[in-house]
Amino acid sequence: MASKVDALERALDILEAFNDGKNALTLKQLAEDTGLYKSRILRLTSSFIDRGYMSRDEDGRYHLGPTLWRLGSIYRRGFDLGDRIRPLLSHLVSEINESAAFYVLDGDMRVCLFRHESTHAIRHHVEEGERLPLDKGVAGRVILAFQGEPGEPYEQIRKDGFMNELGERDRDVASVAVPVLGPDQNVIGALSIAGLNSRFNESERKRAVDVLTHARKELEAEFAGRTI
């Protein structure tokens with residue numbers, strides 16, 4: 001196994017401090033979140049700013065920069081079947097009219113790679129590119145289950161082929177998710193539908209499982225015809 005580069009690891013710690021809705025951080029906050037000395041953060045962020053990975057506003061707060069957006073756009077365009085997933089999510093929303101998303105594994109987190117919102121004025125919302133825990137929420141738990149995570153609820157998820165739950169991340173939100181598997185049965189990601197409990201009731205969630213399962217089979221058939 002290749003050895004890690006300390007300076008690079010610390011630099012990545014700075015970038016990864018921008019999570020859970022933190023889109024602007026002060027030097028003090030970066031130091032608290034990363035455990036790094038302010039002098040080291042200043043050196044590393046200087047390089048990030050020069051290359052567009054970060055920016056600094058007039059109040060001294062740091063933001064993620066346009067280079068990351070550009071690289072993220074390249075990643076999304078290059079992802080297998082990206083041109084198929086967006087129309088598929090649009091179809092899911094037309095069938096259920098709750099927000100649909102496709103999540104992939106990102107280290108020890110999951111990232112919302114593609115998203116299509118429902119037409120409801122009040123709805124569950126996650127930004128594309130947002131990173132969320134694997135062990136909270138149906139999409140993350142489905143990914144864990146089909147990676148072989150032992151115990152419950154993962155055994156039951158593998159048995160059912162989906163997860164249907166109320167309010168694990170947000171008590172007002174109900175969600176359903178299914179895995180998307182590659183030709184070798186490796187988990188590629190998870191398709192999910194989420195909506196308000198008051199509207200996305202048990203009957204609607206059961207219907208969503210059927211719609212998601214059909215969409216999953218279509219997507220997996222396309223993956224089977226391509227090199228993953």
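The values are calculated or read from the model by the stated rules, or taken from the named source; none is laboratory data. Worth saying up front: this structure is predicted, and the values here are computed from it rather than measured. Please note: Cβ atoms are built from the backbone with ideal geometry, for glycine as well, and neighbour counts cover all protein chains shown.
Of all residues in the stretch 155-191, count the ones that are over 19 Å from Leu212 (Cα atoms) and either modelled with pLDDT of 90 or more or of a type in the set (Asp, Glu) (or both). Within the stretch 155-191, residues that are over 19 Å from Leu212 (Cα atoms) and either modelled with pLDDT of 90 or more or of a type in the set (Asp, Glu) (or both) number 5. Applying the condition of being touching a residue at least 60 places away in the same chain (Cβ under 8 Å) and not in a helix (DSSP H, G or I) to the stretch 197-208 and asking which residue is surrounded by the fewest Cβ atoms within 10 Å (Cβ to Cβ) yields Arg199. The criterion of at least 1 residues that are polar (S, T, N, Q) is met by the following strands (runs of 3 or more DSSP E) wholly inside the stretch 96-173: 99-106, 163-166.
Only residues that are in contact with a Phe, Trp or Tyr (Cβ under 9 Å, 6 or more places away or on another chain), within 16 Å of Leu8 (Cα to Cα) and among the aromatic types (Phe, Trp, Tyr) were counted in the stretch 33-66, giving 1.
Among the residues of the stretch 1-50, those identified as modelled with pLDDT of 90 or more, in contact with a Lys or Arg (Cβ under 8 Å, 6 or more places away or on another chain) and part of a loop (DSSP other than H, G, I, E, B) are Thr26, Leu36. Looking across the stretch 167-190 at every residue that is within 24 Å of Glu98 (Cα to Cα) and more than 19 Å from the chain's Cα centre (by Cα), the one that is surrounded by the fewest Cβ atoms within 10 Å (Cβ to Cβ) is identified as Arg171.
Yes/no matrix, rows are residues, columns are (1) β-branched (Val, Ile, Thr); (2) in the same structural domain as Arg84 (by TED's automatic domain parsing); (3) assigned to a helix (DSSP H, G or I); (4) more than 20 Å from Val111 (Cα to Cα):
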residue: Val176; (1), (2), (3), (4): yes, yes, no, no
residue: Val180; (1), (2), (3), (4): yes, yes, no, no
residue: Asp210; (1), (2), (3), (4): no, yes, yes, yes
residue: Thr213; (1), (2), (3), (4): yes, yes, yes, yes
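The rows are residues; the columns are (1) aliphatic (A, V, I, L, M); (2) within 19 Å of Ile188 (Cβ to Cβ); (3) surrounded by 17 or more Cβ atoms within 10 Å (Cβ to Cβ); (4) at pLDDT 90 or above.
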site: Asp106; (1), (2), (3), (4): no, yes, no, no
site: Glu117; (1), (2), (3), (4): no, no, no, no
site: His120; (1), (2), (3), (4): no, no, no, no
site: Glu127; (1), (2), (3), (4): no, no, no, no
site: Ala139; (1), (2), (3), (4): yes, yes, yes, yes
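The single condition among (1) surrounded by fewer than 14 Cβ atoms within 10 Å (Cβ to Cβ); (2) outside any loop (DSSP other than H, G, I, E, B); (3) not basic (Lys, Arg) that Ser55 does not meet is (1).
Considering only the stretch 124-144, how many residues are of a type in the set (Lys, Arg), under 21 Å from Arg205 (Cα atoms) and touching a Lys or Arg at 6+ places or on another chain (Cβ under 9 Å)?
Adding up the residues that qualify gives 1.
Looking at this structure, is Ile193 assigned by TED's automatic domain parsing to the domain that holds Leu88, more than 18 Å from Phe114 (Cα to Cα) and of a type in the set (Val, Ile, Thr)? When the stated conditions are applied, Ile193 does not pass them.
In the condition set (1) of a type in the set (Lys, Arg); (2) in the same structural domain as Asn186 (by TED's automatic domain parsing); (3) part of a helix (DSSP H, G or I); (4) modelled with pLDDT of 85 or more, Arg84 is compliant with all but (4).
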